[in-house]
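Just below is one structure, and these are the notes that go with it.
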Amino acid sequence: MSRADVDAGAGAGAGVGPGPESSRGPEPGPGPGGAAGAPGAEVRGRRLLWTFGLLRSELTVTFRRWRTLALLGVLAAVPALIGIAVKIETGGGGGGGGHGPAFVGQVTNNGLFLVFAALAATLPVFLPMAVGVIAGDAIAGEANGGTLRYLLVAPAGRTRLLLVKYASTLAFCLVATVVVAGSALAVGALLFPLGDVTTISGVRISFGDGVARAGLIALVVAASLIGFAALGLFISTLTNSGIAAMAATVGLLITVQILDAIPQLHAVQPYLFSHHWLSFADLLREPVLWDGVTENLGLQALYAAVFGSAAWARLTTRDITT
């Protein structure tokens, strides 16, 4: 079944099918009774059902693609590789050294630290690259496949479609982060002992509190990608080539990471979307330091608002020919 068939079927299930009107789709009427009260509530209910139907279809298509499964598989393999490397090094008398991602030195004493080490290793490159592939292909891939025009007929509409695409990308951000954290926790429990956690401040907390901190850190890491996801979605509205959009998004990520590493650009670095990504380490202090985390989340919200609005302006004024 094609992507067009899937979404057309979702529209048919809601009681409305594609019509001959503009790409924004026809607005439902007040109903047979002509009253403004109950029919208005019915219209809002239909719109909500259409939105959930479209989101369900989008999530199904996104997470059934082999490309998505391959990306998640690679992300799951990273913690396993880190854990095996540390195990081999310590088994050979290396002592776990201080080389590699943050928190690697503590992994041998407590496997829970593999979660923090894996997130620190994947966040700068692997996680955002995977998100860039999904976000860059969101609109451009549909245009390249010739399905964008079908997705824009009733009951979708351009604004609703853009919101659904962004929500689907955010869902991937969360799933990808959970995959990394879950894989790291499983590998850490298999290869290393588990126990109380010594925070960066030197205070020991229980294993249960440590797991709760790990879950909170995973949520913060996923939220750290919302600005970059909006940026990738905007780039996706600029072209009809999914490959070009993905390459441009990933290329922009690499460029920003390089700029963030040049000391002479310290004046502009706090405004780069990746600058505060590793601030999640402050959640492992006792007491927790929230300043860096709130700065990061505020910056991500700003990027999401700016580039989300730019994507909406571009898509709603774009002449869809494919």
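Using the Karplus relation 6.51 cos²θ - 1.76 cosθ + 1.60 with θ = phi - 60°, the per-residue 3J(HN,Hα) values for the stretch 234-239 come to 4, 4, 5, 7, 8, 9 Hz, with x marking Gly and Pro. Label sites at L174 and V203, each approximated as a point 7 angstrom past Cα along Cα to Cβ, lie 2.9 nm apart.
As a proxy for reagent exposure, ranking R213, R149 by other Cβ atoms within 10 Å from fewest up yields R149, R213. Full extension of the chain between I254 and R56 gives 68.1 nm of extra length, using 0.36 nm per residue less the Cα-Cα distance. Of the residues P270, A245, V180, the one whose Cα sits farthest toward the positive end of the charge dipole of the stretch 35-317, with +1 on the Cβ of Lys and Arg and -1 on the Cβ of Asp and Glu, is A245. Put simply, the Cα atoms of the stretch 109-150 extend 55, 16, 9 Å along their principal axes, the longest span coming first. The per residue volume of the convex hull around the alpha-carbon atoms of the stretch 187-313 is 148 Å³. When each of W66, W290 is scored by the number of other beta-carbon atoms lying within 10 Å, the sequence from fewest to most is W66, W290. Annotation: amide H of D196 within the under-5 Å range of F207, sequence separation 5 or more or interchain, hydrogens built in the peptide plane.
Entry note: the stretch 35-317 has Rg to Rh equal to 1.03, where both radii use alpha-carbon atoms and Rh is the Kirkwood radius. Would you please give the FRET efficiency between R46 and V268, computed as 1/(1 + (r/R0)^6) with r the Cβ-Cβ distance and R0 = 51 Å, to the nearest 0.05? Efficiency, from the Cβ-Cβ distance: 0.60.
Every number here is computed from the coordinates shown, using simple stated rules; none is lab data. For clarity, every value in this text was computed on a predicted model and none was experimentally measured. Note: ideal-geometry Cβ built from the backbone for every residue, glycine included; neighbour counts use all protein chains shown.
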